[in-house]
Amino acid sequence: MIALVDCNNFYASCERVFSPKLDRIPIVVLSNNDGCVVARSNEAKALGIAMGVPLFKIKALIKEEGVRVFSSNYELYGDMSSRVVSVLRRFVPEIEIYSIDESFINFDGVPNLNELSSEMRSTVKKWTGIPVSVGLGDTKTLAKIANHKAKKKPSGVHRTSADSIEDLEHLPVDEIWGIGAKLARRLRSIGITTALQFKNTSAALVRKVGGVVMERTHQELNGFRCFEFEQPQPRQNICCSRSFGRRVEKLQDVESALSSYVSKAVRKMRAEGSVANGIQVFLNTDRFNTSSPQYNNSSSGRLPYPSSDLLTVANEANRHLKRIFRKGYSYKKVGVLLLGLAPEGQQQLPLFANSIGRKKNGRIQIKVRRERLNEAIEEIISKLGKEAISLGRASLKRNGGHRAPWSLKSENLSPKYTTRWEDLLIVK
DNA sequence: TCTGGGGTCCTAGGACCC
DNA sequence: TCTGGGGTCCTAGGACCC
């Protein structure tokens, strides 16, 4: 048996743990830049606030109903997430962290699952303050459906099996894990609208309509496991991008934003002990502003050698940006992807073992490894914070005390209660 | 005025090899 | 007049997830 443990309204619940007066008050949490709603309390859902709706569209409703609004506080949510997982680990041998608020648990051969699930649930609530629901099923896909049902039960625990007719007959196909908007539309066009109908469709037809991917989902729904437990794999790509707080026109400003995203991405890569083989830079105008000219482009290529050196990656990124930047557009977003990540030490080294060679004008330029510089940068950041040091191009952020035009909007940020001493709650 | 960010997997098609 | 077959690797694009 597989269990899916899912935190209820996770980001909203995190905000409530440290601000109990928000109980029973509708609250929403916003995406970066205070753009869209990405989490809602039950009260906010009841007001009809949809997932993903832009903030500006519900401004009036928020005022009218006294909805409390929060900017996203990922430092807090990330820390709360690892607390929840550490409680779950005490109960079970095998756990797969699927996302910031969901974990799969392997319950094969474990007895008394209902009691165990309830105990797990109440312990997580007691020790972390976060309410969770537990879905039980023979496959991950069934456990997902069960979790859906569990959320609506006072007990917070539910089991769905392949022949739970009542669980499947009213479930729309697009609520099955792995079936999104496009596949659901294709299925509806051949008369399949519910999970039960989908389950009872022949495997051959499913394959014809949705390929092997959908066939696996179909098998899982019928109780045959296709998705096994996965151990955490090193990432293959790292992406860092942000929409700008305001539109940006100057190359210098885009460079400055890109440079700060490159630093972020490289730090993440180094923390995982990886090196990148390639890089991609992309640049977008505002797709919603249809009255102004649109321009979207990207440029990618291999790095001169697999590297996790900040300056090498930053220079390459800037070269790609210059290639695609066009004057006369109002830009909304820039981003960088580090591609083809591999564990450090396994990469194909250049011919000269202790130096990095690069051909230029027919001669080999020898660059000394910059490992010590990279280490020094990391140490400064760990001691003095992310703002303490940055690449020259990124320094505009603090020029003359003004925020850079591209910096994020974040107007309703809660304290980082669990990760910063100065944000610790004081109990009278 | 105001619309997020970060991932994975699969497939088709092109380049290239013998 | 007549021009093969089988394979790999890479990339772009499309689908999905939270």
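Computed from the coordinates by the stated procedures, all read-outs in this text should not be read as laboratory data. Fair warning: this is a prediction, and the values are worked out from it, not measured in the lab. Neighbour counts are summed over all protein chains in view; Cβ atoms, including those assigned to glycine, are modelled from backbone coordinates with ideal geometry.
An ellipsoid equivalent to segment A:151-293, defined through the eigenvalues of its Cα gyration tensor, has semi-axes of 42, 22, 17 Å when rounded to whole angstrom and sorted largest first. In this structure, the amide hydrogen of A:Gly129, modeled 1.01 Å from its nitrogen in the peptide plane, lies closer than 5 angstrom to no residue at least 5 positions away or on a different chain. So for the pair A:Asn106, A:Asp174, with labels modelled 7 Å out along Cα→Cβ, what separation do we get in nm? So the label points at A:Asn106 and A:Asp174 sit 3.6 nm apart. Given labels modelled 7 Å from the Cα in the Cβ direction, how far is it in nm from A:Ala342 to A:Ser99? Taking the two extended label points, one gets 3.3 nm. Using the Cα coordinates of segment A:162-221, the gyration tensor eigenvalues translate into equivalent-ellipsoid semi-axes of 16, 13, 10 Å, sorted from longest to shortest. Taking a point 7 Å out from the Cα of A:Leu408 in the direction of its Cβ, the residues of segment A:66-105 whose backbone N falls within less than 19 Å of it are A:69-82, A:100-101. Under 1.5 on a/c is rounded, so check that first for segment A:191-231, then, if it is not, pick prolate when a/b is larger than b/c and oblate when it is not; a ≥ b ≥ c are the square roots of the alpha carbon gyration tensor eigenvalues. It comes out prolate by the Cα gyration axes. Cα-based radius of gyration for segment A:37-185, normalised by 2.2 N^0.38 Å, reads 1.17.
Which of A:Ile27, A:Ile192 comes first, and how do the rest follow, when ranked by fewest Cβ neighbours within 10 Å?
A:Ile192, A:Ile27
Projecting the Cα atoms of A:Ile100, A:Leu136, A:Ile49 onto the charge dipole of segment A:2-158, computed from C-beta unit charges around the Cα centre, puts A:Ile49 farthest toward the positive end. Full extension of the chain segment joining A:Lys153 with A:Lys126 gains 7.8 nm, where the gain is 0.36 nm per residue of separation less the Cα-Cα distance.
Less than 10 Å Cβ to Cβ from A:Ile176, Lys/Arg counted +1 and Asp/Glu -1: what total charge do the surrounding residues give? Computed value for this residue: -1. Computed about the Cα centre, the dipole magnitude for chain A is approximately 2020 debye when only Lys and Arg (+1) and Asp and Glu (-1) carry charge, each at its Cβ. In summary, the convex hull built on the alpha carbon positions of chain A has an orientation-averaged projected area of 26.9 nm².
Ordered by the count of other Cβ atoms within 10 Å of each Cβ, fewest first, A:Tyr329, A:Tyr74 give A:Tyr74, A:Tyr329. Once you order the gyration tensor axes a ≥ b ≥ c over the Cα atoms, which shape class does segment A:130-187 get: rounded for a/c under 1.5, otherwise prolate or oblate by comparing a/b with b/c? Verdict is prolate for segment A:130-187. Please compute the net charge surrounding A:Ala146, taking Lys and Arg as +1 and Asp and Glu as -1 over other residues with Cβ under 9 Å from its Cβ. For residues surrounding A:Ala146, the net value is +2.
Extension gain, A:Asn296-A:Lys428: 0.36 nm per intervening residue step, less the Cα-Cα distance, totals 42.1 nm. Taking a straight line from the alpha carbon of A:Lys416, these lysines sit under 23 Å away, with near neighbours fewer than eight places off in the same chain left out: A:Lys21, A:Lys125, A:Lys126, A:Lys264, A:Lys268, A:Lys383, A:Lys386, A:Lys397, A:Lys428. If R0 is taken as 30 Å, the Cβ-Cβ distance between A:Leu384 and A:Arg247 corresponds to a FRET efficiency of 0.40. Look at A:Leu183, A:Leu61 and count the other Cβ atoms within 10 Å of each Cβ; fewest to most, that gives A:Leu61, A:Leu183. In this simple spin-label approximation, A:Glu64 and A:Asn237 carry label points 7 Å from Cα along the Cα→Cβ vector, and these lie 4.2 nm apart.
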